[in-house]
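Novice: Before anything else, here's the structure in question.
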Amino acid sequence: MRENIVLIGGGGHAKSVIDVLEMQGRFNIIGIIDSQNVGKMVLNYQIIGTDDDLKSIFKECKNAIISVGQIKSVETRIRLFELAKSIGFMLPTIISPLAYVSKHASLGEGTIIMHQALINAGAKVGKNCIINTKALIEHDAIVGDHCHISTASVVNGGVFVGEKTFFGSNSMAREYIEISQNSVIGGGLAVMR
């Protein structure tokens, strides 16, 4: 029997999260929480309330996933993650069946691994991260909490990515370098040192 889950965030990223959850088949999506547009639909799922309704939703649903994206700032994702945790929600790690995650890698709670992403042996990804479509986290790389590694980005072997960092689409970090927290790596850029 599938467990219930609520999505927190009803924008564009929520559509990608829904697609992964439907394909995974592990959870039953009961609805979406969003700061606006209550009653509207995202794909086939209704926005059933705002952040203020999370405590009452917790009575019937113990799982949540943060489905707000991270482009301009990570602060909303962090606030919602901490709010859900404080209420008592479990924030499961979600892995697309089209992704590859080595059995020798580790993933933090509330992290989502999107379609065709690859997490190699010895890699560690923190909590509340987005590893987006076709991203590569190579062997022994460490990605801190609350990071977004965007579509088709490459974090090479042994790289350390500090928490709250954003990698734009098609960006790349050369092997064994350290990227400080709160960094923003623009789309298509190569970080060499």
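Bear in mind these aren't lab numbers, they're just calculated from the coordinates by the rules spelled out. These numbers come from a predicted model, not from an experiment. Neighbour counts run over all protein chains shown; Cβ positions are idealised from the backbone, glycine included.
Novice: Using bins 5 angstrom wide from zero, how does P(r) for the chain break down, in % of all Cα pairs?
Specialist: Pair shares across the bins are 2, 8, 17, 22, 19, 14, 9, 5, 2, 0.
Novice: Now, a different point. Which angle between 0 and 90 degrees, to the nearest 10, do you get for helix 12-24 versus the longest principal axis of the chain when only C-alpha atoms count?
Specialist: Helix 12-24 sits roughly 90 degrees off the main axis of the chain.
Novice: Tell me the volume per residue, in Å³, of the convex hull enclosing the alpha carbons of the stretch 94-187.
Specialist: On the way: hull volume 5.5 nm³, N = 94.
Enclosed volume per residue, from the Cα hull, is 58 Å³.
Novice: Ordered by residue, what ³J(HN,Hα) values in Hz, to whole numbers, does the stretch 184-189 give under the Karplus form 6.51 cos²θ - 1.76 cosθ + 1.60, where θ = phi - 60° and Gly and Pro are x?
Specialist: These are the phi-based 3J(HN,Hα) values: 10, 9, x, x, x, 7 Hz.
Novice: Mean residue ellipticity at 222 nm from the helices of the chain, using -39,500 (n - 2.57) per DSSP H segment of n ≥ 4 over the full residue count, to the nearest 500 deg cm²/dmol?
Specialist: Numbers: 3 runs with 31 residues, N = 193.
Result for the chain: -5000 deg cm²/dmol, rounded to the nearest 500.
Novice: How much length is gained on full extension from residue 103 to residue 56, taking 0.36 nm per residue of separation minus their Cα-Cα distance? Don't skip to the end; give the middle numbers.
Specialist: Working: separation 47, 0.36 × 47 = 16.92 nm, distance 3.66 nm.
Going from the current span to full extension adds 13.3 nm.
Novice: Rounding to the nearest 20 debye, state how big the charge dipole of the chain is about its Cα centre with +1 on each Lys and Arg Cβ and -1 on each Asp and Glu Cβ. Can you show the working numbers first?
Specialist: Values: 18 positive and 17 negative charges, 22 e Å.
Computed charge dipole of the chain: roughly 100 debye.
Novice: Can I ask one more? What's the extension gain from residue 35 to residue 116 if we count 0.36 nm per residue and subtract their Cα-Cα distance?
Specialist: 26.1 nm
Novice: I've got another one for you. For Cα pairs less than 8 Å apart in space and 6+ apart in sequence, what is the mean separation divided by the residue count of the stretch 3-92, i.e. the relative contact order in percent?
Specialist: Values: 143 pairs, mean separation 30.0, N = 90.
Relative contact order of the stretch 3-92: 33 percent.
Novice: Here's a follow-up. Long-range amide H contacts for residue 177: which residues qualify at under 5 Å (H placed 1.01 Å from N, peptide plane, sequence gap of 5 or more or a different chain)?
Specialist: Here 159, 160 satisfy the definition.
Novice: To continue, here is another question. Using θ = phi - 60° and the Karplus form 6.51 cos²θ - 1.76 cosθ + 1.60, what ³J(HN,Hα) does each residue of the stretch 53-67 get, whole Hz, x for Gly and Pro?
Specialist: 8, 4, 4, 6, 5, 4, 4, 10, 9, 9, 10, 9, 9, 7, 10
Novice: Using each residue's phi in the stretch 131-143, evaluate 6.51 cos²θ - 1.76 cosθ + 1.60 at θ = phi - 60° and report the 3J(HN,Hα) Karplus result to the nearest Hz, with x for Gly and Pro.
Specialist: 10, 7, 3, 6, 6, 10, 10, 7, 3, 6, 6, 10, 10
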